[in-house]
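Quick notes on the structure that follows.
A short reminder: the numbers here are calculations on the coordinates, not readings from a lab. Small disclaimer: the values here were computed from a predicted structure and weren't measured. Note that we place each Cβ from the backbone using ideal geometry, even for glycine, and neighbour counts take in every protein chain shown.
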Amino acid sequence: MDQTNTAPVSAAAEPSHDQIQALLDQLEPRPDGNLIGLLQQVQDHFGYLPAPALAQISRRTRIPLSRIYGVVSFYAQFYTSPRGRHTIRCCRGTACHVRGAGQILDSIKRTLKIDEDQSTPDLKFYLETVACLGTCFLAPVIMINEQYFGKLTTQRVQTILQDYPD
Ligand code: FES
């Protein structure tokens, strides 16, 4: 499943060639190494997988770039565009839907001026929807990072977003 983020975001977030080189010198990619582990470390460092880093990994490991992109797009944990620091997961499951999840999602989109699967230009938030957060008794519910916010109203969600720390 390809869940890479294709949203337009700040171009300032792209690391330089030297920064990428320095990280890869440290990680020492090898042809027989653990590609997924390497990609995770690069993403942990930069917050996403920049295209020039994938090209350098391909050169250093001699793994074809097309195969690396195949791995990146297969795993939902990887993304190739800068992504907001705080991930908002808005539930669109049945229990939440009947209790107004649609209005909650609209309110988030309006407040942040983004759509689903997009990041805010300041890279503070990334918004996605999920089938069920497993806490239907809290409907309508969202998560921001690992924290649940339940029994939401449109007003409360706006306050949560406006007051959310950087
Ligand atoms: S339907 Fe929203 S948490 Fe289950």
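With 5 Å bins from zero, work out the P(r) of segment 39-96 over every alpha carbon pair and list the percent per bin.
4, 17, 24, 21, 12, 8, 7, 4, 2, 1
For the chain, what's the relative contact order in percent, using C-alpha pairs closer than 8 Å and at least 6 residues apart? Working shown, then result.
Working: 250 pairs, mean separation 41.9, N = 166.
So the answer I get is 25 percent.
In deg cm²/dmol, rounded to 500, what helix-only [θ] at 222 nm does the chain give when every DSSP H run of at least 4 residues adds -39500 (n - 2.57) and the total is split over its residues?
Working: 7 runs with 71 residues, N = 166.
Mean residue ellipticity at 222 nm (helix-derived): -12500 deg cm²/dmol.
Antiparallel DSSP bridges in the chain: what percent, to the nearest 5? Don't skip to the answer; put the middle values down first.
Details: 8 of 14 bridges.
Counting only bridges with both partners in the chain, antiparallel ones make up about 55 percent.
Need the list of aspartates and glutamates near K124 for cross-linking: C-alpha distance under 20 angstrom, and skip anything on the same chain fewer than eight residues off.
E14, D44, D106, D115, E116, E146, D163, D166
Tilt of helix 17-27 relative to the longest C-alpha principal axis of the chain, in degrees (0 to 90, nearest 10)?
Compared with the principal axis, the helix lies near 80 degrees.
For a quick size check, give me the Cα extents of the chain along its three principal axes, largest first, whole Å.
52, 28, 21
Would you mind getting the Kirkwood hydrodynamic radius of segment 110-166 from its Cα pairs, rounded to one decimal in Å?
Working: mean 1/r = 0.0819 Å⁻¹.
It works out to 12.2 Å.
In the chain, if the dipole is taken from +1 on Lys/Arg beta carbons and -1 on Asp/Glu beta carbons about the Cα centre, which of T87, Y164, C136 is farthest to the positive end?
Result: C136.
For segment 11-74, compute Rh as the Kirkwood radius over C-alpha pairs and then the Stokes-Einstein diffusion coefficient at 4 °C and 1.567 mPa s; write the answer in µm²/s, rounded to an integer. It would help to have the intermediate numbers written out before the result.
Values: Rh = 11.7 Å.
The estimated diffusion coefficient comes to 111 µm²/s.
Which of R89, R110 has the fewest other C-beta atoms within 10 Å, and how do the rest follow up to the most? Numbers along the way, then the final one.
Numbers: R89 17, R110 11.
Listing R89, R110 from fewest to most nearby Cβ atoms yields R110, R89.
Give the cross-link partners of K151 among the lysines, using a straight C-alpha distance below 19 Å as the criterion and excluding same-chain residues fewer than 8 apart.
K109
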